[in-house]
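Right, one structure below, let's go through it.
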Amino acid sequence: MRRLIFLTLCLFAATVAFAQKKPPAPAAPAGPGPKSQAEVQAVNAAIQAQTADDRIKAVDDLITKFPNTDFKSFALMMEAESWQVKGDSVKTIVFGEQALQADPKNFDADNLLATVLASTTRDTDLDKDDKLTRADKYAHDSLDVLSTGVRPFTTPEATWPKVKADAQSQAWQALGMVAIVRKKSDEAIADFQKGIDANASPLLMVRVGRVLLAQNKNDEAISWYDKALASPNLPAQVKSIAEADKARAVAAKGSK
């Protein structure tokens, strides 16, 4: 969201700059960014779309009109996220992969693909091993890209440390989810812990608690739920899950 706000402001500035230019038009600006006022407007339309359907349409319009736009991977990632909001994991994966084709260093796309594959894989899936292997690779690809420290042009320097930490945390979360499906509980806890070290996410704390709860380690689980509930700016949904899970752990502990 911060990147979307930043891009909106930058593109607004670009609109003003283009409007102030006088003919003959100068050469296209060097480096990544919009190359015309029409492109600025098309990118802004995608960023400012209020619904998933509107964003999908705006991204499709952008890619059709400006197939070589520097925002192609970023826009395709927005479309993938929009399909995720609509609950269509197949199209989420399709557009996430297209985002990576446009920019192999798009760590957001890597994380999205890793998370979707890990969260939709079941023990009964005939392609279970293939899907988990792909999820594992995407997550590690994300961590490899982030380890270079190269900041995407769509991310402002001021917010890059936070964006990077959050992306690293998401990659470790995906790896933990893969480990859970593979029934490697200790590995899952270790991965979630690395995610928490990168960015103290209360959701990951809840995930650690759930793994411990499944192992009947109720006291340890309760401790993690308490950490999650003590997190600042705790999202209401995560708070509800943590409270419900903690109640289960307390009940399980009392029944022994």
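Read-outs: derived from the displayed coordinates by stated rules, not from any lab. Keep in mind that what you see is a predicted model, and the values were worked out from it rather than measured. With ideal geometry, Cβ positions are generated from the backbone for all residues, glycine too; neighbour counts draw on all protein chains shown.
From the convex hull of the Cα coordinates of the range 104-199, what is the mean projected area in square nanometres? Walk me through the numbers on the way to the answer.
Details: hull surface 23.5 nm².
Mean projected area for the range 104-199: 5.9 nm², to one decimal.
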Exercise. May I ask you to evaluate 6.51 cos²θ - 1.76 cosθ + 1.60, the Karplus curve with θ = phi - 60°, for each residue of the range 45-54 and list the ³J(HN,Hα) values in order in whole Hz, giving x for glycine and proline?
Key: 4, 5, 5, 8, 4, 8, 10, 4, 5, 5
Exercise. Please give the contour-minus-distance gain from Gln237 to Asp186: 0.36 nm per residue of separation, less the Cα-Cα distance, rounded to one decimal in nm.
Key: 15.8 nm
Quiz item: What list of ³J(HN,Hα) couplings, whole Hz, do you get for the range 143-154 from phi and the Karplus terms 6.51, -1.76, 1.60, once you set θ to phi - 60° and write x for glycine and proline?
Solution: 5, 5, 5, 5, 5, 6, x, 6, 8, x, 5, 7
Practice problem: Figure the gain on full extension for Asp53 and Asp123 (residue separation times 0.36 nm, minus the Cα-Cα span) and round it to one decimal in nm. | Solution: 22.0 nm
Quiz item: Which whole-number percentage describes the relative contact order of the chain, with Cα contacts under 8 Å and a sequence gap of 6 or more?
Solution: 11
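Mean residue ellipticity at 222 nm from the helices of the chain, using -39,500 (n - 2.57) per DSSP H segment of n ≥ 4 over the full residue count, to the nearest 500 deg cm²/dmol? Working shown, then result.
Numbers: 12 runs with 187 residues, N = 256.
That comes out to -24000 deg cm²/dmol.
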Self-check item: Relative contact order for the range 35-102, counting Cα pairs under 8 Å that sit 6 or more residues apart, in percent
Solution: 28
Quiz item: Using the alpha-carbon atoms, what tilt in degrees (0 to 90, nearest 10) does helix 160-181 show relative to the longest principal axis of the chain?
Solution: 50
Quiz item: aspartates and glutamates near Lys91 by alpha-carbon distance under 19 Å, same-chain residues fewer than 8 away left out - which ones?
Solution: Asp53, Asp54, Asp60, Asp61, Glu79, Glu81, Asp103, Asp108, Asp110, Asp125, Asp127, Asp130
Exercise. Treat each spin label as a single point 7 Å out from the Cα along the C-beta direction, and report the Ala244 to Asp130 distance in nm.
Key: 3.4
Quiz item: Using Cα atoms only, what is the angle between the long axis of helix 107-120 and the major principal axis of the chain, expressed in degrees (0 to 90) to the nearest 10?
Solution: 40
Exercise. Report, in degrees rounded to the nearest 10, the 0 to 90 angle that the Cα long axis of helix 218-229 makes with the longest principal axis of the chain.
Key: 30
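For the range 202-256, calculate the relative contact order in percent as a whole number, restricting contacts to Cα pairs under 8 Å that are 6 or more residues apart. Don't skip to the end; give the middle numbers.
Working: 57 pairs, mean separation 21.8, N = 55.
In percent, rounded to a whole number, it is 40.
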